[in-house]
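Presented below is the structure to which this report refers.
Laboratory data are not the source of any read-out in this text; all were calculated from the coordinates shown. If you're wondering where the values come from, they're calculated on a predicted model, not measured in any experiment. Methodologically, a virtual Cβ is constructed for each residue, glycine included, from the backbone with ideal geometry; neighbour enumeration extends over all protein chains shown.
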Amino acid sequence: MEFDETKIKMSVTRRGFLTTMGVGAAVAVTGRYASGASSDETVMLPEEMAKIRLHVNGRVHRLLVEPRWTLLFVLREKLGLTGTKVGCERGECGACTVLMDNIPRYACMTLAVEAQGFEITTLEGLMKGEDLGRVQEAFLEHDAFQCGYCTPGQIMAAEGLLKDDPEPSPDAIRRGMSGNLCRCGAYTHIFEAVDEAGKRKRGKS
Amino acid sequence: MLSNFAYVQPQSLKAALKQLETPEARLHAGGTDLLGCLREGIFGAKKIVSISGLNAFKGVRETSNGGLRIGALTTITQVERHPAIRSRFRALSQGAGEVASPQLRNQGTIGGNICQKPRCWYYRGEFHCLRKGGERCYAVGGENQYHCIFGGENCFIVHPSDTAPPLVALEAVVRIVGPQGTRSVPVSRFHVPPSEDFRQETVLAPDEMVTEIILPPAPSGLRSSYRKVRARRAWDFSLAGMALAITFKDNTVQKARVVFSGVAPVPWRSKEVEVAITGRRLDKETVARAADAAVREAEPMEKNGYKISLLRGVVEEELLAAQSGESPG
């Protein structure tokens, strides 16, 4: 998949630029990058770093990764995007939910090398400058959390649900949010927040 | 952190097969079961061969005779939502919709779903059980409330798939490609019961892969459905479930394929129920007889006797619903 380089260049910020340079400094910046480091069918060796590029929140990050690194690990530890949370690390709690091409997935169950070619959106990608996104606002207004640890994953699941189904029925909300656990048990408020975010999104768009 | 492995993403089937020849190579499709197994130390991997770039095996196509070819890399969500599967092979759409959670359905593939490793908590835990090369099955005399009531021998797992039982009921065929070429195996013979080999879940050799699943055309009068009972609405695996593919003629059962989930080490075809209902209307009397027949051969363990009444209930409710046409498809 080809990235829209114009869109990417336009969204470069100072911090993003530094992050990209920081992680990509060891990589030759010229050189032709295929969508997959291994698209020429070369084998990435264990413990050796291989070049990949990830499209996260509208920016391209050129990175050196080990094949065993998960997308979750790379987002947090290499890109500093700590909005995505570490929970069970076995695809059961949903705290690490991100969007890949607008579809919710667990970053803990996805190898970073496998995330190439997708447009990845994390919680940080929902911000408009200092302003919260609609789902984030609805969560705040409806008090849809207690400790807040699961909230980024819940919000990403809700974003994915509303992108797929802008007018979800109550059952569709329950089903769409069923891949995310909340140990505080804020489910009632989470449901209300998602319902509200859907209505607000429809009202404004 | 996962243990180290090499990784390759071949761009052709031929290259993928060549890579799979590496000893201890493991296939990566959606990766959801693979990463879980690697983390839990169920098996190791020297090399991950990712076939996620093989676009030829993504999506659903009509066959010339009115059936469907489902690429092995089609996601569970895509299978659930595909209009032709929804309208003509409803049991499969329903089964796909019951798998795991939305995120896992978005990532997991139909090929991977039928190749899943068991979910027995001894197998997934730190126990070196029979299936992992050890000496015994810890479910025997242990915590066996989620284990099988049919087909247990040496090992007492239940098969975790919600798509395999509908595929067996709908008489689907698996296309398998390996170094020797291509072969086709009915899904009903794809899974290996522990009585034959308790170390192997499927007939796949390590250097083979599933490329497609082929559904034969749906006969007219077909009503198919999948019902899954579980303790929790999301994630959970089946405690007892049933896929039905019944062809009706004049409101009478002309032909029936009945396959249970959650009660046996492989998708469990109940010829007893099929015989009890074929040639009959599904009235209360027939359905009660079918429910008796369903569990007659059951051999519960110490803690899973509840599955017998659960399965009876599923059989009764679903057969009555099939007769009333509440499960058209």
### Task
Quick one: grab Rg to one decimal and Dmax as a whole number for the stretch B:39-117, Cα atoms only, in Å.
14.0, 44
#### Entry: Histogram of C-alpha separations across the stretch A:83-182, 5 Å bin width, %
2, 14, 23, 27, 21, 10, 3, 0
#### Entry: Pair-distance profile P(r), taking every C-alpha pair of the stretch B:64-165, with 5 angstrom steps and integer %
2, 12, 19, 18, 13, 13, 12, 7, 3, 1, 0
### Query
Which net charge results when you count Lys and Arg as +1 and Asp and Glu as -1 among the other residues whose beta-carbon is under 14 Å from that of B:Gly66?
+1
## Note on the structure
A correct fewest-to-most ranking of B:Cys148, A:Cys93, A:Cys184, B:Cys37 by other Cβ atoms within 10 Å would be A:Cys184, B:Cys37, A:Cys93, B:Cys148
### Charge sum, other residues only, whose C-beta stays under 10 Å from A:Glu192's C-beta, Lys/Arg counted +1 and Asp/Glu -1
-4
## Note on the structure
Per residue of A:43-50, other chain Cβ atoms within 10 Å number on average 5
### Query
Along the principal axes of its C-alpha atoms, what lengths does the stretch B:1-53 span, in descending order and rounded to whole Å?
31, 21, 15
### Query
Among the lysines, which fall within straight-line cross-link reach of B:Lys255, defined as a Cα-Cα distance under 22 Å, with same-chain neighbours fewer than 8 residues apart omitted?
B:Lys271, B:Lys284
### Task
Can you tell me the equivalent ellipsoid semi-axes for the protein assembly as shown? Use √(5λ) from the Cα gyration tensor, largest first, whole Å.
40, 28, 22
### Task
Throw me the Rg/Rh for the stretch A:134-204, computed over C-alpha atoms with Kirkwood Rh, two decimals.
0.92
#### Entry: Förster-model FRET efficiency, 30 Å R0, B:Glu302 and B:Val203, C-beta, rounded to 0.05
0.40
### Query
Can you give the net charge of the other residues whose Cβ lies under 10 Å from the Cβ of A:Cys108, counting K and R as +1 and D and E as -1?
+2
### Summary
With only helices counted (DSSP H, runs n ≥ 4, each -39500 (n - 2.57)), the per-residue ellipticity at 222 nm for chain B, to the nearest 500, works out to -7500 deg cm²/dmol
### Task
Pull up the cross-link candidates among the lysines for B:Lys228, meaning alpha carbon to alpha carbon under 17 Å and not fewer than 8 places away within one chain.
B:Lys307
### Query
Counting pairs of Cα atoms in the stretch B:222-323, how many percent are more than 16 Å apart?
52
### Calculated P(r) of chain B - Cα pairs past 26 Å, %
46
### Query
Can you put A:Tyr106, A:Tyr187 in order, fewest other beta carbons within 10 Å first?
A:Tyr187, A:Tyr106
### Task
For a footprinting-style exposure proxy, rank B:Met1, A:Met100 by other Cβ within 10 Å, fewest first.
B:Met1, A:Met100
### Task
Exposed loop trypsin sites (Lys or Arg not before Pro) only (DSSP loop, at most 12 other Cβ atoms within 10 Å): please give the longest stretch of chain B free of them, not including the sites.
B:1-198
## Note on the structure
Reduced to Cα centres, the span from the stretch B:1-78 to the stretch B:207-224 in Å works out to 20
### Message
If you average the alpha carbon positions of the stretch A:108-148 and of the stretch B:149-195, how far apart do those two centres end up, in angstrom?
### Response
39
